[in-house]
Protein chains: 2
Amino acid sequence: MARKSSLLKQTLATILVLLVVYALLNTFLSPANSSSSSSSSSSPKSMSKLETTFPFTYANSASVENGFSRENANNFPGKSVLKVYLYELPKRFTHGVIEHHSIARGRQPADDVALLQYPGHQHMAEWYMYKDLTRPDSERVGSPVIRVSDPDEADLFYVPFFSSLSLIVNTARPAVSGPDQGRVMYSDEENQEALVDWLEEQEYWKRKNGRDHVIVAQDPNALYRVIDKVKNSVLLVSDFGRLRSDQASLIKDVIVPYSHRINTYTGDVGVENRKTLLFFMGARYRKEGGKIRDLLFQLLENEEDVIVRHGTQSRENRRAASQGMHTSKFCLNPADSASALKPGFVVSMLRGLTTERIMEYQRELKEVKHYFQYGELNGTVNEIWRQVSQKLPLIKLMINRDKRLVKRELTEPDCSCLCTNQTGILTSL
Amino acid sequence: MARKSSLLKQTLATILVLLVVYALLNTFLSPANSSSSSSSSSSPKSMSKLETTFPFTYANSASVENGFSRENANNFPGKSVLKVYLYELPKRFTHGVIEHHSIARGRQPADDVALLQYPGHQHMAEWYMYKDLTRPDSERVGSPVIRVSDPDEADLFYVPFFSSLSLIVNTARPAVSGPDQGRVMYSDEENQEALVDWLEEQEYWKRKNGRDHVIVAQDPNALYRVIDKVKNSVLLVSDFGRLRSDQASLIKDVIVPYSHRINTYTGDVGVENRKTLLFFMGARYRKEGGKIRDLLFQLLENEEDVIVRHGTQSRENRRAASQGMHTSKFCLNPADSASALKPGFVVSMLRGLTTERIMEYQRELKEVKHYFQYGELNGTVNEIWRQVSQKLPLIKLMINRDKRLVKRELTEPDCSCLCTNQTGILTSL
């Protein structure tokens with residue numbers, strides 16, 4: 001009984017950390033409102049970003065500080081800085097996509113596409129990754145990778161196709177049924193296929209079947225048409241909701257955070273200016289009605305110190321959401337749907353927390369916040385590269401296995417797996 | 001056609017490298033003759049050690065040398081030296097096993113079991129791993145891990161049970177059918193279960209479900225009775241022939257080399273003293289008759305410059321095999337059974353190689369030889385720890401996933417996988 005109660009406490013504490021993380025860091029507007037069609041966050045196959053993205057413990061462990069002081073560190077291969085080759089892709093895959101996105105929104109073609117600004121949306125990892133690698137080395141503070149100009153020196157190859165932006169180029173444009181009236185039309189699918197055609201011509205792609213390549217496909221639908229042709233590569237994705245287990249996995253790929261659409265809270269730790277207990281703003285009805293969001297609205301909208309509001313993507317709503325999140329103690333992102341739907345459960349749990357504990361959560365969040373900020377110099381992009389770097393031993397292993405001489409005629413794929421608990425450990429809620 | 005011929009050449013060259021590696025480094029006596037029952041190397045599920053053990057390219061890559069000179073290296077988590085806690089196991093799991101092995105062979109019980117010498121056999125990784133961690137830090141030259149005395153500081157926990165020796169304690173002892181005549185009897189299975197009972201009492205085992213523990217099970221049958229209870233740990237194994245994919249995999253575990261039962265060649269590169277083209281010595285008939293060995297004997301035994309000899313484990317035979325391998329250009333370890341059985345194929349391929357090429361192979365081997373030598377100060381043990389160290393990010397990820405709050409009721413294990421080519425790439429032979 002004592003053990004069960006301790007488990008329960010631990011579970012609640014962890015849920016709350018997630019809630020606070022969400023309050024401070026995550027995007028607030030439902031993907032259903034964005035122009036791309038992201039996967040439902042309550043889909044059983046999709047994973048919460050916070051569960052899987054960055055193993056902070058590793059980056060923060062004491063061994064990091066102590067590494068260099070050991071006399072034997074010289075022989076440890078993992079210590080090295082990895083070398084990345086940035087492909088100079090044809091313009092159609094990078095700034096050309098920005099241009100089409102701009103034209104589709106009624107703007108004039110640019111004189112110099114390289115000067116076009118990448119438009120804000122929630123799948124901007126591709127932009128920050130690209131920007132980072134095109135900066136001079138001296139400005140790439142704290143990066144675990146360096147850019148090399150000679151592909152023969154590279155450990156990894158980065159393919160900077162703006163795949164998520166490509167997906168939404170045409171979303172603002174009405175379907176053209178008649179003859180096109182002189183506009184430059186754009187096809188995401190054509191561009192995806194052109195990218196694969198281009199890659200398959202590259203010596204360094206062919207050499208290792210793309211295994212040492214890194215490709216960003218942050219929108220769950222990005223690259224959907226060619227995913228089977230690039231699945232050997234390390235993919236930077238939002239989740240695995242729409243990818244089969246032979247296309248992507250936690251082992252091979254990296255889950256990257258959304259870029260924020262609201263302002264990050266930069267103030268001090270404290271609850272004086274956070275009068276609301278719980279805040280949420282986003283689409284009340286998701287795709288096909290949604291799974292639990294409307295039920296949560298019904299449960300929570302009449303609670304005195306809780307604000308749950310329907311809101312779609314707009315500058316005005318983003319401002320209101322920033323304001324709402326920055327003045328609330330918690331935001332809503334329940335990890336266990338069944339418990340969250342029990343009347344009174346969430347609010348009584350949150351009301352039971354002391355101010356001291358809430359401020360402790362806030363301090364902890366402050367420490368890890370930079371991992372979720374793409375704009376920071378030593379922020380998300382560096383952490384993504386750290387995660388990718390850690391895949392290198394496995395990438396090399398897989399490349400070696402591809403070279404094997406043994407002729408195999410298997411009826412199933414030859415997979416090496418890492419499995420977790422089938423039923424979950426903490427089920428005491 | 002030109003492409004096919006080039007592929008063929010490449011394939012042959014690679015086969016030869018494997019043959020030469022085998023000639024210089026590998027064990028020669030069939031596991032069928034050893035007292036334990038190892039898995040057949042021609043089993044489709046087992047993998048050649050040379051394919052999978054050590055990704056040399058990584059350890060040798062230029063990035064290793066350059067790592068420290070970069071100003072941003074300080075922020076790369078992989079660089080750190082990992083901390084390992086060596087469990088002080090009850091004596092029954094370590095020196096007690098040596099004592100029982102000794103008593104079972106007619107020797108008197110020792111006054112001080114700690115002074116007993118670990119007996120030579122081909123699954124001695126457990127001994128070398130243990131010896132390494134019990135040495136003073138100053139003597140652990142080039143190790144990528146340091147031993148810590150405080151378990152709270154540890155990244156990984158090493159469980160030094162002599163599981164392979166335990167398996168063969170009783171093989172020299174006739175089955176006892178009547179009452180035991182005063183001898184101290186030993187049961188490997190009992191000891192396996194006692195180990196798990198002991199582990200399951202340990203705070204650090206329970207804390208992370210054993211995921212941050214490293215356990216050696218080099219003999220394919222070692223720990224067979226309890227493998228399901230230790231499968232979360234990093235296992236050091238010979239192959240995956242007898243392990244299911246949810247028990248062990250290339251992702252989670254490390255394949256370790258056999259310890260040599262013959263003397264390593266220490267002479268110079270050259271072919272003057274290598275008059276034999278091809279040498280093999282081992283059991284002609286393996287378990288259930290074997291798959292291709294007898295056929296190879298028939299094909300090769302009448303070739304003039306080839307020596308294939310039947311031989312069982314004995315000091316005399318080990319000496320003969322050392323002599324035979326050290327005076328032969330190649331040893332036999334074909335990667336593709338079907339081609340090797342084509343009359344004349346192997347010998348004509350080998351006879352076609354120039355002296356220059358053979359010496360090139362020898363030089364390449366000399367460079368990597370130390371990875372296969374347990375006795376060397378910076379040899380196999382350090383490389384095993386390097387491989388284990390590279391698993392840490394995944395270990396942390398899996399530990400984090402075990403903590404998830406989402407209640408799952410899955411009908412299948414939740415596995416993340418890395419898959420390779422289903423049919424093999426080089427099938428031109």
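The values are calculated or read from the model by the stated rules, or taken from the named source; none is laboratory data. Predicted model, so just to flag it, every value in this text is computed and none were measured. So basically every Cβ, Gly included, is an ideal-geometry build from the backbone, and we count neighbours across all protein chains shown. Areas reflect the complete protein model, heavy atoms only, side chains present, ligands, DNA and RNA absent. Shrake-Rupley method; radii C 1.70, N 1.55, O 1.52, S 1.80 Å.
Odds and ends about this structure:
- Distances between placed amide hydrogens fall under 5 Å for B:Phe279 paired with B:Ile307, B:Phe330, B:Cys331, B:Leu332, all partners being 5 or more residues away or on another chain.
- Pairs of alpha carbons in region A:122-168 whose separation is greater than 11 Å (percent): 71
- Under a 5 Å amide H cut-off, with hydrogens placed 1.01 Å from N, B:Arg147 pairs with B:Val84 among residues at least 5 apart or on other chains.
- Kirkwood Rh, Cα atoms: Rg over Rh of region B:118-251: 1.00
- Ratio Rg/Rh [Cα only; Rh per Kirkwood] for region A:244-388: 0.99
- A DSSP coil position with no more than 12 other Cβ atoms inside 10 Å describes the following GluC sites (Glu not before Pro) in region A:272-325: A:Glu272, A:Glu288, A:Glu304.
- Each part gets one Cα centre, and for region B:264-329 versus region A:303-343 those centres are 74 Å apart.
- Under the combined filter of DSSP loop state and at most 15 neighbouring Cβ atoms within 10 Å, region B:244-301 retains these trypsin sites (Lys or Arg not before Pro): B:Arg244, B:Lys275, B:Lys287, B:Lys291.
- Counting only protein heavy atoms and a 1.4 Å probe, region A:208-323 has 44 square angstrom of accessible area per residue.
- When B:Lys391, A:Lys91 are compared by accessible area at a 1.4 angstrom probe, the order from most to least is A:Lys91, B:Lys391.
- Exposure rank, largest accessible area first [B:Tyr265, B:Tyr258; 1.4 Å]: B:Tyr265, B:Tyr258
- The calculated P(r) of region B:76-137, using every Cα pair and 5 Å bins from 0, goes 3, 14, 22, 22, 15, 9, 5, 4, 3, 2, 1 in percent.
- The HN-Hα couplings worked out from phi for region B:241-256 by the Karplus form 6.51 cos²θ - 1.76 cosθ + 1.60 (θ = phi - 60°) are x, 10, 10, 6, 5, 8, 9, 7, 7, 4, 6, 8, 10, 10, 8, 10 Hz, whole numbers, x standing for Gly and Pro.
- For B:Asp150, inter-copy label distances in nm, listed shortest first [label point 7 Å out on the Cα-Cβ vector]: 4.6
- Average projection area in nm² (convex hull over Cα atoms of region A:356-404, one quarter of hull surface): 4.9
- Residue pairs exceeding 27 angstrom between C-alpha atoms, taken from A:Lys403/B:Lys231; B:Lys91/B:Lys229; B:Lys131/B:Lys252; A:Lys91/A:Lys369: A:Lys403/B:Lys231; A:Lys91/A:Lys369.
- Here the label points at B:Val368 and A:Glu88, each 7 Å from Cα along the C-beta direction, are separated by 3.6 nm in the simple model.
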